[in-house]
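The structure appears below as structure tokens.
The values are calculated or read from the model by the stated rules, or taken from the named source; none is laboratory data. Keep in mind that this is a model prediction, so the values were computed, not measured. So basically every Cβ, Gly included, is an ideal-geometry build from the backbone, and we count neighbours across all protein chains shown.
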Amino acid sequence: MEAVDNIETQLLTVNDVELAGTLLRVGDLVAIPTETVYGLGANGLAADAMDRIYEAKGRPSDNPLILHVCDQSMVHRLVQHITPLEQRLMDTFWPGPLTITFEKSALVPERATGGLSRVALRCPNHDVCREMIRIAGVPIAAPSANRSGRPSPTTAEAVLHDMKGRIHAIVDAGPCEIGVESTVVQVEDHTVIILRPGGVTKEMLEMVADHVIYDTALHDPTEAPKAPGMKYRHYAPDMPVQVLVGQSLTVAEYMKDIIDTIVQQEPMLQEDCKGKPRIGLLLSEETLENLNAVLPNFTLSVDIIVYGEQAEPISLANRLYDSLLQFNDVGVDTLIVEGCTPVGLGVAVMNRLEKASGGHVTLL
Ligand code: AMP
Ligand code: MG
């Protein structure tokens, strides 16, 4: 096996799906576009290829992988049985950002499931991705294509930043459409349990299932999560993050107070316009307007990114990871992020922000 940081990484385009599919089949690591985030793909039936995923990402070995299929016909040989409710979920939400765990068949290596008896499957809503899987002819294991713990990549450039020299190829298909990962569910009797919130919301699942609940571990840190990955710190940029949730005006005033306090402690910040920004603010359009009203003279020590509209959590989801990575590039010392109401896709956004901040969330 090549050294994991000494591989020549080929940059491929959507015209190279034949090559990408073939590389995947023979056991290479290929970063693949999906509608959620870029995945780090490898042959999901080959334990040694999946070993390379763990090595390249630095991923904890008990955190299982999602296997991606090109259509439902690929599912049957990977699972022991499919219940009517699981079938309805696939019929309704595939291709799309819903991952379902099933009792695995003997064909699925334990390396894919972290030793669990269940395997997580998803069919992505991305033509190029499904075509690559079809050409590979095997399910493709693909966690997010970032170093473990860091924000997930939603562009090929972000993949390259983390993975250059560690993987064989990247297929660049432009920015991802959704921007946060899939929803992971497990069906128990007639209940759908959400193990990780994501692109398919609880409200959407309730259209096909009578009982939809969240895994209790999502709200209770003393419980062991059913999705092992949920226990790890994730999505974190390089600097400490504080998340604020509340009415836009209240968030703006709170941000102003924090800035005032920091500037008072370090008056140089006000003058040193050439210095790098020290405080990052990630906020909504609504809150920027309110902040402009309460704090008309911004010091250049504050770096601001507007990541969407508070009223439209999908816009926040879309730009969340890319914005966090931009703050890494700028190199702010501390980052204050406006969260959102945990409704619809806002549940996934808040779940990622809780992880990114290590639970440092203030409800205003
Ligand atoms: P990622 O691939 O980084 O988006 O993470 C995949 C998520 O799915 C992690 O939280 C895993 O713990 C979870 N997952 C994968 N396979 C299983 C499984 N068999 N049972 C429960 N959770 C799983
Ligand atoms: Mg991930």
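Quick look at the values:
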item	result
Filter result for residue 225 (surrounded by fewer than 21 Cβ atoms within 10 Å (Cβ to Cβ), modelled with pLDDT under 95 and within 16 Å of ligand 2 (Cβ to nearest atom))	yes
Qualifying residue in region 185-207 (condition: touching a His at 6+ places or on another chain (Cβ under 9 Å), in contact (Cβ under 8 Å) with a residue 24 or more places away in the chain, closer than 22 Å to residue 364 by Cα and surrounded by fewer than 15 Cβ atoms within 10 Å (Cβ to Cβ))	no
Answer from 318, 292 - the residue that is surrounded by 18 or more Cβ atoms within 10 Å (Cβ to Cβ) and out of contact with any Pro (no Cβ under 8 Å at 6 or more places or on another chain)	318
Only one of 134, 147 that is out of contact with any Phe, Trp or Tyr (no Cβ under 6 Å at 6 or more places or on another chain), closer than 16 Å to residue 24 by Cβ and surrounded by fewer than 22 Cβ atoms within 10 Å (Cβ to Cβ)	134
Pairs with Cβ under 9 Å, 6+ apart, first in region 216-239 and farther than 18 Å from residue 361 by Cα and more than 11 Å from ligand 1 (Cβ to nearest atom), second among the small types (Gly, Ala, Ser) and at pLDDT 80 or above	223/217; 224/217
Residues (part of a loop (DSSP other than H, G, I, E, B), within 12 Å of ligand 2 (Cβ to nearest atom) and more than 18 Å from residue 14 (Cα to Cα)) located in region 143-169	143, 146, 147, 148, 149, 150, 151, 152
Filter result (small (Gly, Ala, Ser) and closer than 13 Å to residue 171 by Cα) within region 120-150	145
Residue match in region 127-134 (condition: charged (D, E, K, R), out of contact with any strand residue (DSSP E or B) (no Cβ under 7 Å at 6 or more places or on another chain) and either part of a loop (DSSP other than H, G, I, E, B) or within 16 Å of ligand 2 (Cβ to nearest atom) (or both))	no
Selection within region 1-16 - farther than 11 Å from residue 173 by Cα and surrounded by 15 or more Cβ atoms within 10 Å (Cβ to Cβ)	4, 7, 9, 10
Region 24-42, residues that are surrounded by fewer than 24 Cβ atoms within 10 Å (Cβ to Cβ) and farther than 17 Å from residue 146 by Cα	25, 26, 27
Pair list, Cβ under 6 Å, 6 or more apart: region 51-70 residue more than 15 Å from residue 233 (Cα to Cα), other residue within 12 Å of ligand 2 (Cβ to nearest atom) and assigned to a loop (DSSP other than H, G, I, E, B)	65/143; 68/142
Which listed residue is assigned to a strand (DSSP E or B), modelled with pLDDT of 95 or more and on the phi < 0 side of the Ramachandran plot, from 121, 107	121
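Residue-by-condition table, conditions (1) away from ligand 1 (no atom under 16 Å from the Cβ); (2) touching a Pro at 6+ places or on another chain (Cβ under 7 Å); (3) over 20 Å from residue 57 (Cβ atoms); (4) without any contact (Cβ under 8 Å) to a residue 24 or more places away in the chain:
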| residue | (1), (2), (3), (4) |
| --- | --- |
| 134 | yes, no, yes, no |
| 140 | no, no, no, no |
| 143 | no, no, no, no |
| 146 | no, yes, no, no |
| 151 | no, yes, no, no |
| 156 | yes, no, no, no |
